[in-house]
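First comes the structure, then the notes that go with it.
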Amino acid sequence: MEKPYNITAIVLAAGRGLRAGGPGPKQWQPLMGKPLISWSIAPFLTHPMVSQVVVVHHPDEDDLLSQLPSGILYVVGGLNRDDSVRCALTAIQPLSPDYVLIHDAARPCLDQYLLSECINSMVTHGAAAPAVAVQDTLWRGTDQVLDMIDRTQIFRAQTPQCFAYELISSAHKSAEFSATDDVQIARTAGHTVAIVPGNEDNIKVTLPGDFARAEQILRGRMKLRVGNGFDVHRFGSGTEITLCGVNLPHKAGLIGHSDADVGMHAVTDAIYGALARGDIGQHFPPSDPQWKSSASDIFLKHAVDLAAEMGFRIENVDCTLICEFPKIGPHANAMRARMAQIMGLKEDQVSIKATTSETLGFTGREEGIAAMASAALVSL
């Protein structure tokens, strides 16, 4: 589906972040089995409105970047936060972004709802940022209370801070001071910034205890869904078949309205099943001639995009092909690679294997191929 705007997310990860303790910068420390920054970039990678994710990193951290998903643009940061933002804004200029979302890598608990609200407000107002109204009584003091601070109209700023690209780019170019965030840069340049009601869970990991709190938030939010898919296609005339996106020479072809990729169809239906959104036939009716001879990756990509729109990411898929011939083993790794590429997953999240039916039934008689698949989805 074509995106209405070109929106780039910039995730700032060039800081040292040593107050959190641990062996290195907090954004690279583990959180639930992954670097903290992985959780911070995940909402942008899966949001249907975001076109590109940029990670701004420290020059000494090139060796850590392989831990992150593919499809990310990497930019070396500057001496401070402002410099890092400017480095990113310059790097993405050739992409002609309409809008940018600037997010701290130390905020791993951003949810899709808040992200969508920020994007909507940004498109409406040109600049927007989430913030939480202060509820506590505020004091000014040293080792004793000196006076009270009026908490009316006082907010705690969060990220992502969201702007029209030209607005924030020109504001940074004209800035003559060091700012703590990009809203300050925009306001100094004379722009108004809309406040989006923030979320208390959108915490910034700063101190050692914040890791435990972030894990508690993420675990409490996570939901698991599992779906199954099954498909069958019979053999017909031809000299080649497509299985899990890989073309294989064979003594016959597979018959189907599309390319008859039985494995990819089973995986696609497993994802639809986990989402409780029917099957391929409901989304791409075989009675519709526009899908005649279509490549099945169209269907799989649709299922993956639908999962993201509904707030889920695919954790893993497992597909079993049932046939006597062709032998799947020599091609399984190529199939895993192709399926992972289509779904935006790592290869170790995709399992492709095969079994025979011991010459029994239609697969045993080599009349066709069957496939069954399972997919596990977790909420974002």
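Tallying residues that are surrounded by 14 or more Cβ atoms within 10 Å (Cβ to Cβ) and in a strand (DSSP E or B) within region 229-246 yields 11.
Here is the figure for region 147-185: residues that are over 26 Å from the mean Cα position of the chain (by Cα) and among the polar types (S, T, N, Q) total 7.
Of the residues that make up region 204-225, is at least one at pLDDT 95 or above and polar (S, T, N, Q)? Scanning region 204-225 turns up no residue that is at pLDDT 95 or above and polar (S, T, N, Q). Looking only at region 119-127, decide whether some residue is assigned by TED's automatic domain parsing to the domain that holds Val11 and either touching a Gly at 6+ places or on another chain (Cβ under 9 Å) or in a strand (DSSP E or B) (or both). Among the residues of region 119-127, at least one is assigned by TED's automatic domain parsing to the domain that holds Val11 and either touching a Gly at 6+ places or on another chain (Cβ under 9 Å) or in a strand (DSSP E or B) (or both), which makes the answer yes. Applying a threshold of 7 Å to beta carbon distances and a minimum spacing of six or more residues, or different chains, the list of pairs starting in region 356-380 at a residue that is closer than 15 Å to Ala274 by Cα and ending at one that is crowded, with 19+ Cβ neighbours inside 10 Å and hydroxyl-bearing (Ser, Thr, Tyr) reads Leu380/Thr46. A single member of Gly198, Gly190, Gly209 is within 30 Å of Met122 (Cα to Cα), exposed (fewer than 13 other Cβ atoms within 10 Å of the Cβ) and not polar (S, T, N, Q), and it is Gly190.
Do we have Gly278 as touching a residue at least 60 places away in the same chain (Cβ under 8 Å) and within 26 Å of the chain's Cα centre (by Cα) here?
Working: touching a residue at least 60 places away in the same chain (Cβ under 8 Å): no; within 26 Å of the chain's Cα centre (by Cα): yes.
No: the conditions fail for Gly278.
Of the strands (runs of 3 or more DSSP E) lying entirely inside region 1-117, the ones with 1 or more residues being modelled with pLDDT of 90 or more and over 21 Å from Val196 (Cα atoms) are found at 7-13, 52-57, 73-76.
The values are calculated or read from the model by the stated rules, or taken from the named source; none is laboratory data. As the structure is a computational prediction, the values presented were derived from the model and not from experiment. Neighbour counts run over all protein chains shown; Cβ positions are idealised from the backbone, glycine included.
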